[in-house]
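A short write-up of the structure that comes next.
The values are calculated or read from the model by the stated rules, or taken from the named source; none is laboratory data. Keep in mind that what you see is a predicted model, and the values were worked out from it rather than measured. Neighbour counts are summed over all protein chains in view; Cβ atoms, including those assigned to glycine, are modelled from backbone coordinates with ideal geometry.
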Amino acid sequence: MGHHNRSGEKETVPNAVKDQNLAKALAGLKDGTYARIRQASKSTGTSRSALVRHLNGGLTCCEANQHCQQLSPDKEHALVQ
């Protein structure tokens with residue numbers, strides 16, 4: 001979704017928030033909170049294509065590009081702490 005702020009610049013959503021929204025949407029589809037993908041997408045702000053990709057066994061962008069990172073997720077997490 002292309003939300004814009006008052007100055008007309010496109011707002012970006014941090015990846016952690018996107019991952020949380022995706023998890024909420026997937027959980028809601030699984031437990032019946034959302035009957036349709038479109039409903040889960042609209043309620044959580046997750047793109048429909050991301051939901052469909054994930055439901056079909058696809059990876060998130062972060063997961064798919066993990067091999068390109070210099071640090072493993074564990075090492076990266078340790079540095080942040």
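Below is a table of values for the structure above.
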| read-out | value |
| --- | --- |
| Qualifying residue in the range 17-28 (condition: surrounded by 11 or more Cβ atoms within 10 Å (Cβ to Cβ), within 20 Å of His77 (Cα to Cα) and modelled with pLDDT under 80) | no |
| Count of the range 64-74 residues which are surrounded by fewer than 11 Cβ atoms within 10 Å (Cβ to Cβ) and either among the charged types (D, E, K, R) or assigned to a helix (DSSP H, G or I) (or both) | 3 |
| Residue within the range 36-56 that is part of a loop (DSSP other than H, G, I, E, B), among the hydrophobic types (A, V, I, L, M, F, W, C) and exposed (fewer than 14 other Cβ atoms within 10 Å of the Cβ) present | no |
| Residue list for the range 41-81, restricted to those being hydrophobic (A, V, I, L, M, F, W, C), within 18 Å of Ala16 (Cα to Cα) and modelled with pLDDT of 90 or more | Ala50, Leu51 |
| Close pairs from the range 12-39: first farther than 13 Å from Thr60 by Cβ, partner in a helix (DSSP H, G or I) and polar (S, T, N, Q), Cβ under 7 Å, at least 6 apart | Lys24/Thr44; Tyr34/Ser43 |
